[in-house]
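Chemist: Have a look at this one before I ask anything.
The values are calculated or read from the model by the stated rules, or taken from the named source; none is laboratory data. Quick caveat, the model's predicted, so the values are computed rather than measured. Here the Cβ positions follow ideal geometry from the backbone for every residue, glycine too, while neighbour counts run over all protein chains shown.
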Amino acid sequence: MGCQPLDHKFWEESGKRVKSNFDGAQFVAIADVIKLEKVSVQVSHESDFRTEVERATFRVAHAFKGNLKPGDTFNVDSGISSCGRSILDDQWVPFIPGKKRQLYPKRWLIYYTPPPVIQGPGPQLPQFEITSSPLSRPANWAKYDIDLLKTMAGKWQSGISP
């Protein structure tokens, strides 16, 4: 149930939604996928349980918030939770008859928003995953956000509201 489609208000083209995503993010960047690999990760410090995940390495093309700058890289591991989506998922690149199918979108808008830390023993939630949400999506799906971020991100960081 936790991975059901998000309500329309989380996708709507509004400055309020973009600012809320911006405010909640550790960093916001447009970044290019430069490497995809399958890796084995330990799910919990208390057990030896491991799972295979997709690790995407991104190179920052443009940073709107946070300490990253163009050229910096970061990793995102997807597949730890049931909500994680592969960058290779067909949902990102629709089939268009007569056109050569692209494997996956190269450029993404990422609102890197880690979940809260769970106190006590047991597995932690993944730091951040590619999901079916407005927090991680191909840049060509995020034109409204990108245009608004280009004009407002600096003001929002300075405490100026739209």
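Chemist: Tell me which residues, restricted to the range 60-91, are closer than 14 Å to Val33 by Cβ and buried (at least 16 other Cβ atoms within 10 Å of the Cβ). Don't jump to the end; show me each part of the working.
Modeler: Initially, the range 60-91 is screened for residues closer than 14 Å to Val33 by Cβ, giving 60-61, 73-78, 85-89.
Across the range 60-91, the qualifying residues are Val60, Phe74, Val76, Asp77, Ser78, Arg85, Ser86, Ile87.
Chemist: Tell me which residues, restricted to the range 1-19, are surrounded by 12 or more Cβ atoms within 10 Å (Cβ to Cβ), in a helix (DSSP H, G or I) and either modelled with pLDDT under 80 or over 15 Å from the mean Cα position of the chain (by Cα) (or both).
Modeler: Matches in the range 1-19: Phe10, Gly15, Arg17, Lys19.
Chemist: Continuing with the same structure: Might you let me know whether the range 26-37 holds any residue that is more than 24 Å from Leu148 (Cβ to Cβ), in contact with an Asp or Glu (Cβ under 9 Å, 6 or more places away or on another chain) and modelled with pLDDT of 85 or more? Lay out the reasoning, then the answer.
Modeler: In the first step, residues of the range 26-37 are kept if they are more than 24 Å from Leu148 (Cβ to Cβ); the result is 34-37.
So of that shortlist, the ones also in contact with an Asp or Glu (Cβ under 9 Å, 6 or more places away or on another chain) come out as 36-37.
Adding the requirement that they be modelled with pLDDT of 85 or more leaves 36-37.
Checking the range 26-37: at least one residue is more than 24 Å from Leu148 (Cβ to Cβ), in contact with an Asp or Glu (Cβ under 9 Å, 6 or more places away or on another chain) and modelled with pLDDT of 85 or more.
Chemist: Same structure again: Take Pro94 and tell me if it is under 26 Å from Thr151 (Cβ atoms), surrounded by fewer than 16 Cβ atoms within 10 Å (Cβ to Cβ) and not polar (S, T, N, Q).
Modeler: no
Chemist: Do the conditions hold for Gln157, that is, is it over 24 Å from Lys19 (Cβ atoms) and at pLDDT below 95?
Modeler: no
Chemist: Please go through the range 78-106 and give me each residue that is in contact with a Phe, Trp or Tyr (Cβ under 8 Å, 6 or more places away or on another chain) and either at pLDDT below 85 or not in a loop (DSSP other than H, G, I, E, B) (or both), ordered by number.
Modeler: Across the range 78-106, the qualifying residues are Trp92, Arg101.
Chemist: Restricting to the range 38-75, and then to whatever is modelled with pLDDT under 95, of a type in the set (Asp, Glu) and part of a loop (DSSP other than H, G, I, E, B), can you tell me which residue is farthest from Ser86 (Cα to Cα)?
Modeler: That would be Glu46.
Chemist: I would also like to ask the following. For the range 32-64, how many residues are within 14 Å of the chain's Cα centre (by Cα) and basic (Lys, Arg)?
Modeler: Matching residues across the range 32-64 total 2.
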